[in-house]
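Asker: Submitted below is the structure of interest, expressed as structure tokens.
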Amino acid sequence: DAFGKQVLVSGADEMVFDAARSIARRGSRVTVLAPCSRGGLQIITSAVNEALDEGIDIITGVEIMRINAEKGRVRGVDCRILENGRTMELPCDTLVIGGTQIPDTEAMAARNPGLDIDEEGYIMTDRTMATSVKSVFAIGRFDMSAADSGKAGAQAIDNYLSGDIKA
């Protein structure tokens, strides 16, 4: 599989779940990491249940603090559990960073100097939504609606998985 066996998708909205479902349909094990409670997800309950039915795991109440990479390729992330401040490490072959809110990427930028972030705090991507770290994607654009961002992110991931675009 082009994405690897374990994929983490961060965020809490429709775009994130569209991307997660697109990746899961290609055979990868997918976990969504959301910085809010399940009730705070910005997606209808039936869509969350569909994602769970498709085998997608959801971890709520966590935020990514550090991307762990080796030889320029992601190997996992360190997350902070918001409720108690503890940290946990989650392995992954691919990381997809999503969300349509104003980004809070300052901590991520400080801990990941290889991740290019612009002067406004947005994670920089190329036209395929790939970041400067191999197999790390930031889906959608903040000047797009959630639905349009979700479609763009899902299409970028599908193109990558199909081999049409190399990241």
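The values are calculated or read from the model by the stated rules, or taken from the named source; none is laboratory data. Keep in mind it's a predicted model, so treat the numbers as computed, not measured. Neighbour counts run over all protein chains shown; Cβ positions are idealised from the backbone, glycine included. Only protein heavy atoms, including side chains, enter the accessible area calculation; ligands, DNA and RNA are left aside. Shrake-Rupley method; radii C 1.70, N 1.55, O 1.52, S 1.80 Å.
Asker: Considering each residue of the stretch 70-84, count those that are open to solvent by 40 Å² or more (accessible area, probe 1.4 Å) and over 23 Å from Gly27 (Cα atoms), and give that number.
Answerer: Counting residues in the stretch 70-84 that are open to solvent by 40 Å² or more (accessible area, probe 1.4 Å) and over 23 Å from Gly27 (Cα atoms) gives 9.
Asker: So, one more: Assuming Val32 fulfils every condition listed in (1) without any contact (Cβ under 8 Å) to a residue 60 or more places away in the chain; (2) more than 22 Å from Tyr160 (Cα to Cα); (3) buried (at least 18 other Cβ atoms within 10 Å of the Cβ) apart from one, which condition is it?
Answerer: For Val32, the exception is condition (2).
Asker: Restricting to the stretch 29-45, give me the number of residues that are more than 12 Å from the chain's Cα centre (by Cα) and modelled with pLDDT of 90 or more.
Answerer: Residues flagged as more than 12 Å from the chain's Cα centre (by Cα) and modelled with pLDDT of 90 or more within the stretch 29-45 amount to 1.
Asker: Right, another one. With the requirement that a residue be part of a strand (DSSP E or B) and in contact (Cβ under 8 Å) with a residue 60 or more places away in the chain, what does the stretch 77-96 give you?
Answerer: Residues satisfying the conditions are Val77, Leu90, Pro91, Thr94, Leu95, Val96.
Asker: Next up: State which residue is least open to solvent (accessible area, probe 1.4 Å) when the search covers only the stretch 43-60 and only residues that are assigned to a loop (DSSP other than H, G, I, E, B) and in contact with a strand residue (DSSP E or B) (Cβ under 7 Å, 6 or more places away or on another chain).
Answerer: Checking each candidate, the answer is Ile56.
Asker: For the stretch 20-37, which positions are assigned to a helix (DSSP H, G or I), more than 21 Å from Met65 (Cβ to Cβ) and in contact with a strand residue (DSSP E or B) (Cβ under 6 Å, 6 or more places away or on another chain)?
Answerer: Result: Ile23, Ala24.
Asker: I would also like to ask the following. When you go through Ile117, Ile97, Ile123 one by one, which is the residue that is more than 20 Å from Ile23 (Cβ to Cβ) and at pLDDT below 90?
Answerer: Ile117
Asker: I've got another one for you. Considering only the stretch 61-74, how many residues are in a strand (DSSP E or B) and without any contact (Cβ under 8 Å) to a residue 60 or more places away in the chain?
Answerer: 7
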